[in-house]
Amino acid sequence: MQTTEGIVVRRHLGHYLVIIDGKQWDCAISSLLRKQLEYPEASPGSRRRRVQRVRRVRITDPVVIGDRVTIDRGDDWTGMIRAVLPRRNKVSRKASGSSRKEQLLAANIDRVIPIFAVADPIPDWNLLDRMLAIAEWQDLPVTICINKMDLEREPIRDITSIYERVGYRVIFTSTETDVGKDEFRQLLREGTALFVGPSGAGKSSLLNWLQPGLALRTAEVSHVRGGGRHTTTHLELISLDGGGLVGDIPGVKEFRLWNIKPEDTPKLFREFAGYLGGCQFSDCSHVHEPDCAIKNAVQTGHISHLRYESYLRVRKDP
Ligand code: GDP
Ligand code: ZN
């Protein structure tokens, strides 16, 4: 029997690379699928007025890496994508530029791995909190990786323990001294993992460390098309010898949350959960109100200042 279900691992200039039973198929997408590019969605403007007006949105691409698809097989390892199977989850962000559309980055992800370096570049903890918020929103498991442990001068665990205390797993690595190698390999053993982290944190080095010769190839290309700048993200999932697929999200500096209202943001900080509902005002924003359970918890040290500062920033500008 022919297997026709596979996973999209690469998208480039209208071509999709689909893996079926370990073999790569060069696929196009059917015109029928292209016609389904329009789907109804509440317009962002209407949300503010609390009217769910529906407009038709044109998404530029119906297929994304990580998608499970069915294909019709052709000759010479070519095929036609007929359908996209329902997504378990998706990772998307607000596209940069004025259009502010949803930019779908990947689907069916098993684990998000934020990667930061101890130094060079120094960690931007607010950026990490933003990544964690995106993962919470989609209910994606997270493991934080702190790389370049050989450069540690002051105890990094003073800060990473804040994350461990609220339930995030943190692993520590160095591609220079081989710290954490087994743990890192174990992490990527199965399923689809997505690296997110600033450039220079060591994402490519970590992959080459596990499997010499592997390198992440990601780039963001901006080009001008009628009406404004568009950013095309070239994303690829790489198959590891030990099983598992890995991708890298480029351009993380522009990580803006997609479709998240300020009122949704307290839920994205998991240590807030036990305090929500304990404020004097039921619609407390936890920013300026008196008798706020979250602010009290920050005062008493039950919620970290660092995370609360991040909350304020994410709330102001999701
Ligand atoms: P990427 O942009 O996240 O893919 O980062 P790269 O893998 O290109 O690494 C950026 C720089 O950090 C390179 O010069 C690497 O050699 C260096 N690097 C990567 N991992 C480590 C590490 O564990 N320790 C040290 N000291 N340098 C590292
Ligand atoms: Zn409050």
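The values are calculated or read from the model by the stated rules, or taken from the named source; none is laboratory data. Keep in mind it's a predicted model, so treat the numbers as computed, not measured. Cβ atoms come from the backbone with ideal geometry, glycine included; neighbour counts cover every protein chain shown.
Of all the criteria given as (1) away from ligand 1 (no atom under 16 Å from the Cβ); (2) touching a Gly at 6+ places or on another chain (Cβ under 9 Å); (3) modelled with pLDDT under 95, the one not satisfied by G242 is (2). Test K181 against the stated conditions and say whether it is away from ligand 2 (no atom under 16 Å from the Cβ), buried (at least 20 other Cβ atoms within 10 Å of the Cβ), in the same structural domain as S239 (by TED's automatic domain parsing) and among the charged types (D, E, K, R). Spelling it out, it is not the case that K181 is away from ligand 2 (no atom under 16 Å from the Cβ), buried (at least 20 other Cβ atoms within 10 Å of the Cβ), in the same structural domain as S239 (by TED's automatic domain parsing) and among the charged types (D, E, K, R).
Here is a yes/no grid of residues against (1) within 25 Å of G22 (Cα to Cα); (2) in contact (Cβ under 8 Å) with a residue 12 or more places away in the chain; (3) in contact with a helix residue (DSSP H, G or I) (Cβ under 9 Å, 6 or more places away or on another chain); (4) outside the structural domain of A273 (by TED's automatic domain parsing):
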| site | (1), (2), (3), (4) |
| --- | --- |
| T177 | no, yes, yes, yes |
| E190 | yes, yes, no, yes |
| A193 | yes, yes, yes, yes |
| S204 | yes, yes, no, yes |
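Quick check on A135: is it of a type outside the set (S, T, Y), in contact (Cβ under 8 Å) with a residue 60 or more places away in the chain and out of contact with any Asp or Glu (no Cβ under 6 Å at 6 or more places or on another chain)? First the steps, then the outcome.
On the way: of a type outside the set (S, T, Y): yes; in contact (Cβ under 8 Å) with a residue 60 or more places away in the chain: no; out of contact with any Asp or Glu (no Cβ under 6 Å at 6 or more places or on another chain): yes.
Spelling it out, it is not the case that A135 is of a type outside the set (S, T, Y), in contact (Cβ under 8 Å) with a residue 60 or more places away in the chain and out of contact with any Asp or Glu (no Cβ under 6 Å at 6 or more places or on another chain).
The residue that is nearest to V142 (Cα to Cα), counting only those in region 84-95 that are crowded, with 18+ Cβ neighbours inside 10 Å and among the hydrophobic types (A, V, I, L, M, F, W, C), is V91.
Matching residues to (1) surrounded by 18 or more Cβ atoms within 10 Å (Cβ to Cβ); (2) at pLDDT 65 or above; (3) in a loop (DSSP other than H, G, I, E, B):
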residue: E41; (1), (2), (3): no, no, no
residue: I71; (1), (2), (3): yes, yes, no
residue: G97; (1), (2), (3): no, yes, yes
residue: I122; (1), (2), (3): no, yes, yes
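Contact annotation: residue pairs with Cβ atoms under 7 Å, 6 or more positions apart or on different chains, pairing a residue in region 280-301 that is more than 17 Å from P262 (Cα to Cα) with a partner that is more than 9 Å from ligand 2 (Cβ to nearest atom) and assigned to a loop (DSSP other than H, G, I, E, B), are Q280/P290; A297/I303.
Sort through P121, P155, P114 and tell me the only one that's in contact with a strand residue (DSSP E or B) (Cβ under 9 Å, 6 or more places away or on another chain) and over 21 Å from V8 (Cβ atoms). Spell out how you get there, then give the answer.
Details: P121 fails: in contact with a strand residue (DSSP E or B) (Cβ under 9 Å, 6 or more places away or on another chain); P155 fails: in contact with a strand residue (DSSP E or B) (Cβ under 9 Å, 6 or more places away or on another chain).
Only one candidate passes the filter, namely P114.
Being over 18 Å from the mean Cα position of the chain (by Cα) and modelled with pLDDT of 80 or more is a condition met by no residue of region 216-237. Across region 252-259, not a single residue is classified as closer than 30 Å to L151 by Cβ, in a helix (DSSP H, G or I), at pLDDT 90 or above and charged (D, E, K, R). Residues that are in contact (Cβ under 8 Å) with a residue 12 or more places away in the chain, within 19 Å of I156 (Cβ to Cβ) and in the same structural domain as L206 (by TED's automatic domain parsing): does region 96-111 have at least one? No, that holds for no residue.
Going by the conditions given, is G191 under 17 Å from P141 (Cβ atoms), small (G, A, S) and modelled with pLDDT under 95?
Against the criterion (under 17 Å from P141 (Cβ atoms), small (G, A, S) and modelled with pLDDT under 95), G191 qualifies.
Answer yes if at least one residue in region 138-151 is of a type outside the set (A, V, I, L, M, F, W, C), modelled with pLDDT under 95 and within 10 Å of the chain's Cα centre (by Cα), and no otherwise. Yes: one or more hits.
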